[in-house]
Amino acid sequence: MTYFTYLKDTLVAEDVEIREFAKNKTTPFYCYSKKAITENYNNFSNSFKNIGVKICFSLKSNSNLTILKILSNLGAGADVVSEGELKKALKANIEASNIVFSGVGKTEEEISFAIKNHCLQINVESLSELNRVNAIAGKIGNKQKVALRINPDVDPNTHGKITTGKIENKFGISVNDTLNIFKNSGEYKNIILDGIAFHIGSNINEIKPFEDSFQTTSKLLQNLNDINIPIETVDIGGGVGIENVNFSYADYSSLISKYFDTSQKQIIIEPGRSISANTGILVSKILAFYQ
């Protein structure tokens with residue numbers, strides 16, 4: 001953690017002594033480094049500058065309002081999974097046009113709120129959810145942009161509890177079902193169905209799982225193109241690890257360019273812990289010593 005260091009026996013954050021800082025404050029509390037957050041975001045965003053990706057910070061990694069305001073000022077959008085997170089992103093001055101609404105358990109109220117606020121895109125996880133979004137958008141009278149979240153059946157080689165891209169996971173729609181839904185996209189009069197989304201897991205340290213998912217998605221895009229179904233956005237999710245990672249952001253950026261025509265499609269990427277994980281500490285006080 002670059003901006004949290006010890007000077008002799010004193011922990012400092014950006015040259016501020018934590019011990020002194022905590023004296024007149026109620027503990028426990030989280031202490032974050034603005035410099036670390038800014039540096040992490042800029043290192044990430046600069047690696048993708050040449051391919052014009054839209055970076056939507058994943059609030060599930062950290063939804064602290066002050067952090068969101070810092071990232072908003074840096075140009076970040078948001079990836080949210082609830083109405084509460086969407087409201088936080090809006091309160092942090094992130095434009096609704098830069099907010100993607102993901103998640104498997106969206107209620108009718110949450111979907112309505114997203115549509116009424118003109119969020120950039122709703123990532124739909126199932127055919128039944130697609131039908132619900134279409135019906136709700138019809139009632140509201142706003143045509144909503146939608147992406148289908150596919151399940152590319154890729155093992156990310158990470159912890160089983162944060163694996164989301166294998167066929168046995170609850171997330172997303174199979175590639176075959178996705179193709180069939182797009183073939184019938186004319187049935188959905190109240191939405192703009194022109195996006196593909198996927199997210200295969202978190203804390204991924206190898207690049208091959210990303211390449212496998214990109215390859216599967218690229219083939220799907222080609223199949224859709226062959227039947228004249230245009231796709232405007234490709235949301236590739238997040239999941240880049242935070243330690244012992246065997247590839248660079250530059251490698252990741254090159255991989256995106258290899259499989260997707262970034263001049264023709266808007267690529268959305270949703271980093272979370274790679275931006276926020278090493279930027280804060282929990283500060284507490286010793287209340288008593290027991291013998």
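Observations on the structure shown:
- The apolar share of the surface of the stretch 5-136, taken as the fraction of accessible area on carbon and sulfur atoms (1.4 Å probe, ligands and nucleic acids excluded), comes to 48 percent.
- In summary, the stretch 1-137 shows an alpha-carbon radius of gyration equal to 1.31 times the 2.2 N^0.38 Å reference for compact globular proteins.
- Short-range pairs are left out: with C-alpha atoms under 8 Å and at least six residues apart, the relative contact order of the chain is 22 percent.
- Think of the chain as a dipole: +1 on every Lys or Arg Cβ, -1 on every Asp or Glu Cβ, centred on the Cα centre; then among Leu193, Pro152, Ala92, Ala92 lies furthest on the positive end.
- Within the listed set Lys23, Lys208, Lys88, the Gaussian network model of the chain (springs between alpha-carbon atoms below 10 Å) gives the highest mean-square fluctuation for Lys23.
- DSSP finds beta bridges in the chain, and of those with both partners inside it, around 30 percent are antiparallel.
- Springs join every pair of Cα atoms under 10 Å in this Gaussian network model of the chain, and among Val245, Val133, Val80 the largest mean-square fluctuation is at Val245.
- Neighbourhood charge, 15 Å Cβ-Cβ cut-off, centred on Cys56 and excluding it, Lys, Arg +1 and Asp, Glu -1: +1
- The stretch 163-248, accessible surface, carbon-and-sulfur percent (1.4 angstrom probe): 42 percent
- GNM top mover of Asn184, Asn123, Asn93 - the chain, alpha-carbon springs below 10 Å: Asn184
- Where chymotrypsin sites (Phe, Trp or Tyr not before Pro) fall in DSSP loop in the stretch 39-124, at most 10 other Cβ within 10 Å: none
- Subset of Lys116/Lys208; Lys87/Lys285; Lys60/Lys265; Lys54/Lys143 violating a 31 Å alpha-carbon distance limit: Lys116/Lys208; Lys87/Lys285
- Accessible area per residue, Å², the chain with all protein chains present, probe 1.4 Å: 50 Å²
- Each Lys and Arg Cβ is given +1 and each Asp and Glu Cβ -1; about its Cα centre, the chain then shows a dipole of about 760 debye.
- Among Tyr290, Phe182, Asn62 the positive-end extreme of the charge dipole of the chain (Cβ point charges): Tyr290
- Relative contact order, whole percent, for the stretch 2-63 stands at 21, derived from Cα pairs under 8 Å and 6 or more residues apart.
- Over the chain, the Kirkwood radius and the radius of gyration, each from Cα atoms, give a ratio Rg/Rh of 1.02.
- Helix 208-226 vs. the chain, principal-axis angle (Cα, 0 to 90°, nearest 10): 30 degrees
The values are calculated or read from the model by the stated rules, or taken from the named source; none is laboratory data. None of the values given here were measured: they were computed from a predicted structure. Quick reminder, even Gly has a Cβ in these numbers, built from the backbone with ideal geometry, and neighbours come from all protein chains shown. Quick note on the areas: whole protein, heavy atoms, side chains included, nothing else; ligands and nucleic acids left out. Shrake-Rupley method; radii C 1.70, N 1.55, O 1.52, S 1.80 Å.
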